[in-house]
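Working notes for the structure below.
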Amino acid sequence: MKLYYSPGACSLSPHIVACEAELPIELIKVDLGSKQTETGEDFWRINPNGYVPVLLLDDGNKLSECPVILQYLADLAPDKKLAPENGTFDRYLLQQWLNFISSEIHKNFSPLFDPNAHEAVKEAAVARLTTRLKSAANHLAGQPYLLGKEYSVADVYLFVALSWGRYVDLEIAKWPALARFVEKISARPAVQKALQEED
Ligand SMILES: N[C@@H](CCC(=O)N[C@@H](CS)C(=O)NCC(=O)O)C(=O)O
């Protein structure tokens, strides 16, 4: 399997999950500015939307979209219990969190990284992020992980999104529950391994 990634981007989440699940994965770095891969491929041909992550399977099939790739990888290693079993109510709760992180958190960070975004757009994004992060913090105040006692791929995705706070001057530490969560997840060996591999 090949994972097309950009260092520190949302593609770090499937990278961490591959490390957690001990799945063999080949990393292909993408320059998101030029849309060229480090192997000289035109990334537009890998993903017509031009964004990472993309998971290229050994049979030639491809998957994009973080919430889907994360679940696919978790399902390849069921013994690691990184996602509740398919068909259970807990699996829908996992998907609820993955969608929340994707549309309410991840995508509200996007204007903050966009040098062409107007100040008003950035302010609106920060306001929305603030309410969504507060909601995640309230949820995590009483339990170690998003799904309760069980660590899952949703925690990995949230951890990666929270790591962007420092680049856009959004202080995650103002929510102690989130700060504790980040500290806990970042101490995991698989997380450290993926961070080192992305340099
Ligand atoms: N809907 C996609 C969004 C992925 C995404 O926003 N990727 C960013 C990095 S975090 C990216 O590659 N941006 C470059 C671009 O859109 O040109 C997903 O969930 O995977």
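The values are calculated or read from the model by the stated rules, or taken from the named source; none is laboratory data. For clarity, every value in this text was computed on a predicted model and none was experimentally measured. Reconstructed Cβ throughout: ideal geometry from the backbone, glycine too, with neighbour counts over all protein chains shown.
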Exercise for the section: Please state which one of Leu82, Leu133, Leu70 is surrounded by 20 or more Cβ atoms within 10 Å (Cβ to Cβ), at pLDDT 95 or above and within 13 Å of the ligand (Cβ to nearest atom). Expected result: Leu70
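Among the candidates Gly8, Gly33, Gly40, which residue alone is at pLDDT 95 or above and within 17 Å of the chain's Cα centre (by Cα)?
Numbers: Gly33 fails: within 17 Å of the chain's Cα centre (by Cα); Gly40 fails: within 17 Å of the chain's Cα centre (by Cα).
When all the criteria are applied, what remains is Gly8.
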Handout entry: The lone exception for Ser13 - which of (1) in a loop (DSSP other than H, G, I, E, B); (2) surrounded by 11 or more Cβ atoms within 10 Å (Cβ to Cβ); (3) among the polar types (S, T, N, Q) it fails
Key = (1)
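I'd like to check something: does the stretch 122-135 contain any residue that is in contact with a Ser or Thr (Cβ under 8 Å, 6 or more places away or on another chain) and not acidic (Asp, Glu)? If you could, list the steps in order and put the result at the bottom.
Going through the stretch 122-135, the residues in contact with a Ser or Thr (Cβ under 8 Å, 6 or more places away or on another chain) turn out to be 125.
Next cut, not acidic (Asp, Glu) only: 125.
Among the residues of the stretch 122-135, at least one is in contact with a Ser or Thr (Cβ under 8 Å, 6 or more places away or on another chain) and not acidic (Asp, Glu), which makes the answer yes.
What residue, of Leu63, Leu98, is crowded, with 19+ Cβ neighbours inside 10 Å and within 14 Å of the ligand (Cβ to nearest atom)? Break it down stepwise before answering.
Details: Leu63 fails: crowded, with 19+ Cβ neighbours inside 10 Å.
Unique residue meeting the criteria: Leu98.
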Handout entry: First in the stretch 76-105 and in a loop (DSSP other than H, G, I, E, B), second anywhere and basic (Lys, Arg) and surrounded by 13 or more Cβ atoms within 10 Å (Cβ to Cβ), Cβ under 7 Å, 6 or more apart
Key = Ala83/Arg91; Pro84/Arg91; Glu85/Arg91
